[in-house]
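The values are calculated or read from the model by the stated rules, or taken from the named source; none is laboratory data. Everything quoted here is computed from the prediction, not taken from an experiment. Cβ sites come from the backbone with ideal geometry, for glycine too, and all protein chains shown count toward neighbours. When the accessible area is computed, the model is the full protein with side chains, heavy atoms only, and any ligands, DNA or RNA have been set aside. Shrake-Rupley method; radii C 1.70, N 1.55, O 1.52, S 1.80 Å.
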Amino acid sequence: MPQDHLAYQIRDLVQILDLSAIHRWYMKDPRGALPFDPVMMVSVQLYAWCSDVYSSRNTAKLCVADLGGRYLAAGHHPDFRTISTFRLRHGEALADLFVQSVRLCQAAGMVSLGHVAIDGTKLMANASKHKAMSYGRMVTAEEILRGEIDEIQRRCAEEDAKEDTLFGKEKPGYDLPKELMFRESRLAHILAAKAKLEAEAKAAAEAKAAERERQRAVDNADEPDKPRRGPKPKDPATAVPKETAQSNFTDPESRMMKSGTGEWVQGYNGQAAVDSDHQVIVACDLTNMAADAPHFLPMVEQVIENTGAEPIQKSADAGYFSKANVETNSTTFSETFIPPDRMKHGRASAIALAALGDRKDDDPDLSPADRMRKRLSTPAGHEAYAMRKKTVEPVFGQIKGCPGSPGFHQFMRRGIEKTRQEWHWICAAHNFLKYIRHGFASQMAN
């Protein structure tokens, strides 16, 4: 292999990672045969992710058919079950490698926090959107299936009576019809999904009622006995889901979301905050909420936690705009650039700006939306917001690749917890590749 081969770079990288959480797991029980060396397993896994290989079977093939994989596996051939079990057992420890990747890049001078762009991308779940059903259809299907099952059971009872006469009561008859087994299993799935949607609707109603009572207590702090005004709040116990609320039978925690291309996908919303210097991801998260705005402040907080400082500039597209997002800063020097409207060619609406006249963006009488429009209309504001598109969007392109090409297009795992771990793995691999290439570029420059 050439001296700059990725396998050599991964080998050197893993030597400086903290894998103590994985090592400690194997110290709990000394019985049995020795496991594969965790350093070797992590090396093989990182090499696979950095090579756009994500399934456990294809990772196992690297240890046999790929020269770099054979080198990192040191001649061992862990099968796909071993690799899958390792990822399942140490999913959280492997996800924590993301924070280590951020700090390695920061120590190498690749993160300045001069400008951090935040965005989300819709990623397909390991489930078909055709396996989803709305609450309204569940109610209808439940009635139909119950009727079909009752009819089949009636026919079964008639057949049993005939068979008892024909064969005798002690003689074995025919098995339960497959038709009945299918309908009963399908009804069980529908009932479980229906109960889950009802529980979510009740929990949301209870949270809304609690927030309403909290706000009422704040508003009436001086007059606690003041009578309630307005319509009487609904009882959370009677809350029911909307007819359009959906649940997927394969991955119930995934949701139907509209992708950037306008296509509806069954998936998750992957969030990423990217530093503009070297396109290093400094914060990431995964959610099954399609809306982006609620994730802006948590992402900023994660950036501060991972790097120890707040970015000088923060930007996001119009989907992240809210009063709280544009006015909340932990330091006075940090600026936020989030347009309240979709910006054509990166510029604010001329009609909206004309209505504001010569007023400045620090005018206290302006609304948060109008202040942001004025800020983005200045040359400095326009230049700052232009950084967003060339900072975070290329990163999603690098991770996903082109359709039909190697890249991360769909989760291999199911459920929000496991897919969140997987998203952290992908973002960590992206950062490690940046770190490796930056180090090699520095060596060449010297």
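Tallying residues that are surrounded by fewer than 19 Cβ atoms within 10 Å (Cβ to Cβ), under 23 Å from the mean Cα position of the chain (by Cα) and basic (K, R) within the stretch 75-99 yields 1.
Per-residue answers, yes or no, for (1) in contact with a Pro (Cβ under 6 Å, 6 or more places away or on another chain); (2) in a loop (DSSP other than H, G, I, E, B); (3) at pLDDT below 90; (4) farther than 16 Å from I281 by Cβ:
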residue	(1), (2), (3), (4)
V53	no, yes, no, yes
G68	no, no, no, yes
Y71	no, no, no, yes
F86	no, no, no, yes
V99	no, no, no, no
M110	no, yes, no, no
D119	no, no, no, no
A127	no, yes, yes, yes
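Testing M41 on (1) outside any helix (DSSP H, G or I); (2) touching a residue at least 40 places away in the same chain (Cβ under 8 Å), one condition comes back false. Which one is that? Condition (1) is where M41 drops out.
Answer yes or no as to whether R24 is touching a Lys or Arg at 6+ places or on another chain (Cβ under 9 Å), assigned to a helix (DSSP H, G or I) and modelled with pLDDT under 95. No.
Results for (1) open to solvent by less than 20 Å² (accessible area, probe 1.4 Å); (2) within 26 Å of N126 (Cβ to Cβ); (3) out of contact with any helix residue (DSSP H, G or I) (no Cβ under 9 Å at 6 or more places or on another chain); (4) among the basic types (K, R), shown as yes or no for each residue.
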site: Y26; (1), (2), (3), (4): no, no, no, no
site: R57; (1), (2), (3), (4): no, yes, no, yes
site: V64; (1), (2), (3), (4): no, yes, no, no
site: R70; (1), (2), (3), (4): no, no, no, yes
site: A73; (1), (2), (3), (4): yes, no, no, no
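Within the stretch 260-275, restricting attention to residues that are more than 13 Å from D119 (Cα to Cα) and either of a type in the set (S, T, N, Q) or out of contact with any strand residue (DSSP E or B) (no Cβ under 6 Å at 6 or more places or on another chain) (or both), the residue that is surrounded by the fewest Cβ atoms within 10 Å (Cβ to Cβ) is G262. For A352, the test of being open to solvent by less than 30 Å² (accessible area, probe 1.4 Å), modelled with pLDDT under 80 and in a helix (DSSP H, G or I) is passed.
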